[in-house]
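The values are calculated or read from the model by the stated rules, or taken from the named source; none is laboratory data. Since we're looking at a predicted model, the values are computed, not measured. Note: ideal-geometry Cβ built from the backbone for every residue, glycine included; neighbour counts use all protein chains shown.
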Amino acid sequence: MYCTPQTITRGIMAGRPSNKDQRQSEVMKAYVSAVAKYGLDGTTLETIAKTAGLSRSLIRHHLGNKAEMSEMLTSHVLSEFDEAASQLLTSLPEKGDLKTLIKFMTTPHEDSDPELILAFAALTMKCGNNPKLAERIRASIERFEHALCQLIKSEYPENDKGSIEAVSNGLVSIYFNVVSLESLSFSKNFYQRSRLAMEKLVNSLKETTKYE
């Protein structure tokens, strides 16, 4: 969760990356960018090469054939989303976690990566004819929702499972919308409305702790 803001999706690598690793990273970034702009069907070695500013042969060297390209994109996007979701839910202060989370989820970040969410969305569009891909993406989203459910339950322990899951689903849906539209540079009011919508969802739960 692409959240995904790069502040939570990029770990610090130990040591200096090799030129090969750096070039591979550049190619994958260009691949994601091309998919976000042209969609999966419109993304070719040529469009990736143009986006990366590299030769077509070099792109093919790093990405391989069509099947290998598809697998690399899927693994990369889902790995980034899982890492973002994990760090988003585990790097919060001990108190007021849910409130802090909502504020973070509805705050635009200079180093965010909405292209990752758009690439994630592009992959979901291909799930109709690819049940294995659908299963992988569904599992990734369900892990995010489950972790969010646990966080909500810790603050609202008296609520039933169905209510908690419904609120979690709503928060995730709003979050995807907010992140995917960051490139449009909406006014602060857009993010404030999104935050208010999230807070209303949370406040629909039976309050066992004060939520302001």
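Selection over the range 17-35 of residues that are charged (D, E, K, R) and either over 13 Å from L58 (Cα atoms) or at pLDDT 85 or above (or both) gives a count of 3. Restricting the range 47-89 to residues that are among the charged types (D, E, K, R) and within 17 Å of E26 (Cβ to Cβ), the residue that is surrounded by the most Cβ atoms within 10 Å (Cβ to Cβ) is E80. Checked against (1) in a helix (DSSP H, G or I); (2) modelled with pLDDT under 85; (3) touching a Ser or Thr at 6+ places or on another chain (Cβ under 8 Å), L123 meets all criteria but (2).
From the list E26, E68, the lone residue that is more than 17 Å from L116 (Cα to Cα), in a helix (DSSP H, G or I) and among the acidic types (D, E) is E68.
May I ask you to list the residues in the range 71-120 that are acidic (D, E), out of contact with any helix residue (DSSP H, G or I) (no Cβ under 8 Å at 6 or more places or on another chain) and at pLDDT 85 or above?
Within the range 71-120, E71 is the sole residue that qualifies.
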